[in-house]
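> Please read through the structure below; I'll follow up with questions.
What follows draws every value from the coordinates through simple rules; no lab data is involved. A quick note: this is a predicted structure, and the numbers were derived from the prediction, not measured. A quick note on method: Cβ atoms are made from the backbone with ideal geometry, for glycine too, and the neighbour counts reach across all protein chains shown.
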Amino acid sequence: MYTDKYEKRYDRVKYLAGLDPEQKYEAFNEMIAASHHIVFFGGAGVSTESGIPDFRSKDGLYNQHDVQFDRYTPEYLLSSDCLYNHPEVFYEFYRQKMNVKGIEPNTAHLKLAEMERKGKLDCVITQNIDGLHQKAGSRKVYEVHGSTLRNYCDRCHKAYPSDYIFNSQEPVPKCTVPGCGGMVRPDVTLYGEMLPEEAWRNAERVCREADMMIVGGTSLSVYPAASLLDYFSGKYLVLINRDRTNRDNGADLVFHESIGEVLGHVRV
């Protein structure tokens, strides 16, 4: 077995780096078969094959230019400062860019759900806010940046359905509770806000407990989410991302390919 050829991590990584593509897929499957607590940590690249743009690629969300938004940085448009200081701008941008109605899970989402269903994946940790992992059938999903599928009043905390903001005719959607008048906002972690405590605590825990971690579709440049790799001390770390990341050198296997293509080779 490829996984048993070298016990020392340094020697194993060096050996695995020299494999041809088909051998790398075989080694990936051997790692999965030999592991008992696998965690998947993913970012925007997981959903690009469903038609949702990522944030930082050439054609991603951050590089789309609408005239009305050009005076603001993308980070500002998705910040709590924008939500509360320029709410009309925030909601216009949000309605144009964040509506995932009609978007379907892709091969990567479906394979991860299958791995969980067959007992080979403990959970998914996602930076995405689109809910596609759950739509694909994944049950244990820790959303460290929240979800566009949940909305709530920022004053009385009444919950609102997933399409409330997108269907609202008001420039700034308001709470319908008599006497409240609060703003209905998405349950998404914006720039300048703390990550959801429970999801983050669970993500830390499963990373500590995992013997294999698969990281996919993320540049690992957004913190604190990227720091989850620091909690992992298991045997196998696999990175799947079209571009290089600053963690490539520390991984057992690195695939600079489509995440759907790579996970499509997984046998469970």
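> Between residue 33 and residue 17, what is the label-point separation in nm under the 7 Å Cα-to-beta-carbon projection?
Between residue 17 and residue 33, the simple spin-label model gives 2.6 nm.
> So for the chain, taking the charge dipole from beta-carbon charges (+1 Lys/Arg, -1 Asp/Glu), which of 134, 168, 224 sits furthest toward the positive end?
Value computed over the given set: 134.
> What dipole magnitude, in Debye to the nearest 20, does the chain give about its Cα centre under +1 on Lys/Arg Cβ and -1 on Asp/Glu Cβ?
440 debye
> Here's another thing I want to ask about it. Residue separation times 0.36 nm, minus the C-alpha to C-alpha distance between residue 265 and residue 75: what's the value?
Full extension from residue 265 to residue 75 adds 64.8 nm.
> Quick check: Cα centre of the range 74-137 to Cα centre of the range 160-212, how many Å?
11 Å
> Could you check how many percent of all C-alpha pairs in the chain are farther apart than 24 Å?
Result: 51 percent of Cα pairs exceed 24 Å.
> Evaluate 2.2 N^0.38 Å with N set to the residue count of the range 66-118, then give the Cα radius of gyration divided by it.
Relative to the rule-of-thumb radius for its length, the range 66-118 sits at 1.66.
> Could you give me the radius of gyration and the Dmax of the range 83-200, taking only the C-alpha atoms into account and expressing both in angstrom?
15.8, 50
> I'd like to compare 141-148, 242-249: which one has the highest average count of other Cβ atoms within 10 Å, and what's the full order after that?
Top to bottom by mean Cβ count within 10 Å: 141-148, 242-249.
> Can you sort 209, 204 by how many other beta carbons sit within 10 Å, fewest first?
Fewest-to-most Cβ neighbours within 10 Å comes out as 209, 204.
> While we're here: Mind giving me the FRET efficiency for residue 156 and residue 201? R0 is 22 Å, r the Cβ-Cβ distance, nearest 0.05 is fine.
0.25
> Could you give the semi-axes, largest first, of the ellipsoid that matches the range 127-176, computed as the square roots of 5 times the alpha carbon gyration tensor eigenvalues and rounded to whole Å?
Equivalent-ellipsoid dimensions as semi-axes: 24, 12, 9 Å.
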